[in-house]
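**Q** This is the structure, below, for whatever I ask next.
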Amino acid sequence: MSKRITPFASRYCSTLDRRKEAIRHKRPGLLRRGVVLQHDNATPHSANLTQQWLQRYGWEILPHPAHSPDLAPSDFHLFGPLKRHLGGMAFKTEDDLISELRNWFDNLDVDFFRVGINSLLSRWQKCIDLHGDYVEK
């Protein structure tokens, strides 16, 4: 397998840099206590550049079984409500879409995210009980 740096890994590391700064400003003590990140095994996430970034900052990665979108909060908790919200809307420009997305995210209650994150524990346990099979069939 090639050890080259892909532009996608570089972009992902830039995204992680922005997340790190957001955490530093919003939750200052969290970076000292440690960050636990869940991402799948997509190439940008598993690239050497990304792994080096994660090691440098000491971020812990939750393991993510291959082909398990039912363990990603974005897949099982976020995309459904977002799809329902956007259903039937039409946007003239990309900026209009981005504006609507920002508005939707800005108006979500913090409990929306807490529920999605907290449901991970039971979903992980179910995946373990099913010996790695899909949680939802």
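The values are calculated or read from the model by the stated rules, or taken from the named source; none is laboratory data. Bear in mind that the values here come from a model prediction, so they are computed numbers and not experimental data. Neighbour counts are summed over all protein chains in view; Cβ atoms, including those assigned to glycine, are modelled from backbone coordinates with ideal geometry. For accessibility, only protein heavy atoms count, side chains too; no ligands or nucleic acids. Shrake-Rupley method; radii C 1.70, N 1.55, O 1.52, S 1.80 Å.
**Q** R0 = 25 Å: FRET efficiency of THR15 with HIS85, Cβ-based, nearest 0.05? Show your work: numbers first, answer last.
**A** On the way: r = 23 Å, r/R0 = 0.93.
So, using R0 = 25 Å, E works out to roughly 0.60.
**Q** Could I ask something else about it? Set the Förster radius R0 to 22 Å, insert the Cβ-Cβ distance between LEU37 and ASP111 as r into 1/(1 + (r/R0)^6), and round the FRET efficiency to 0.05. Walk me through the intermediate numbers first.
**A** Working: r = 21 Å, r/R0 = 0.98.
Here the calculated transfer efficiency is 0.55.
**Q** In whole percent, and with a 1.4 Å probe on the protein chains, what portion of the accessible area of region 1-126 is carbon and sulfur? Please list the in-between numbers first.
**A** Working: 5040 of 9110 Å².
On region 1-126, the fraction of accessible area on carbon and sulfur atoms equals 55 percent.
**Q** With springs only between Cα atoms under 10 Å apart, run a GNM on the chain and tell me which of PRO44, PRO28, PRO65 wobbles the most.
**A** PRO28
**Q** Taking the Cα atoms of region 32-79 alone, what are Rg (to one decimal) and Dmax (as a whole number) in Å?
**A** 11.8, 32
**Q** Further question on the same structure: Where in region 39-137 are there chymotrypsin sites (Phe, Trp or Tyr not before Pro) that are in a DSSP coil and have at most 14 other Cβ atoms within 10 angstrom of their Cβ?
**A** PHE91, TYR134
**Q** Going by amide H atoms built from the backbone, whose H comes under 5 Å of the H on GLN38, apart from near neighbours?
**A** Residues meeting the amide H criterion: LEU62.
**Q** How many Å² of accessible area per residue for region 80-137, probe 1.4 Å?
**A** Working: 4680 Å² over 58 residues.
Ligands and nucleic acids excluded, the result is 81 Å² per residue.
**Q** Let me ask something else about it. Round to the nearest 0.05 the FRET efficiency obtained for GLN51 and SER74 when R0 = 25 Å and r is the Cβ-Cβ distance. Don't skip to the end; give the middle numbers.
**A** Numbers: r = 21 Å, r/R0 = 0.86.
Step by step, r from the Cβ atoms, then E = 0.70.
**Q** With equal scatterers on the alpha carbons only and no solvent term, can you work out the Debye log10 of I(q)/I(0) for the chain at 0.12, 0.22 1/Å?
**A** Summing over Cα pairs of the chain leads to -0.65, -1.38.
**Q** Further question on the same structure: Select from HIS25, HIS77, HIS45 the residue whose mean-square fluctuation is largest in a Gaussian network model of the chain (Cα-Cα springs shorter than 10 Å).
**A** Judging by the Gaussian network model, the answer is HIS25.
**Q** For the chain, modelled as a GNM with alpha-carbon contacts under 10 angstrom, which of LYS92, LYS20, LYS83 fluctuates the most?
**A** Evaluated over the chain, the most mobile residue of the options is LYS92.
**Q** Expressed in nm to one decimal, what extension gain is obtained for the pair PHE8 and SER119 from 0.36 nm per residue of sequence separation less their Cα-Cα distance? Before the final figure, lay out the partial values.
**A** Values: separation 111, 0.36 × 111 = 39.96 nm, distance 2.95 nm.
Additional length available on full extension: 37.0 nm.
**Q** Compute the distance from the alpha-carbon center of region 44-65 to that of region 97-121, in whole Å.
**A** 24
**Q** Considering amide H positions built from the backbone, and no H for Pro or chain starts, which residues 5 or more places from ALA72, or on another chain, come under 5 Å of its amide H?
**A** HN-HN under 5 Å from ALA72: empty list.
**Q** Sticking with this structure for a sec: Relative contact order for the chain: what percent, with Cα pairs under 8 Å and sequence separation of 6 or more?
**A** Values: 86 pairs, mean separation 29.8, N = 137.
Across the chain, relative contact order equals 22 percent.
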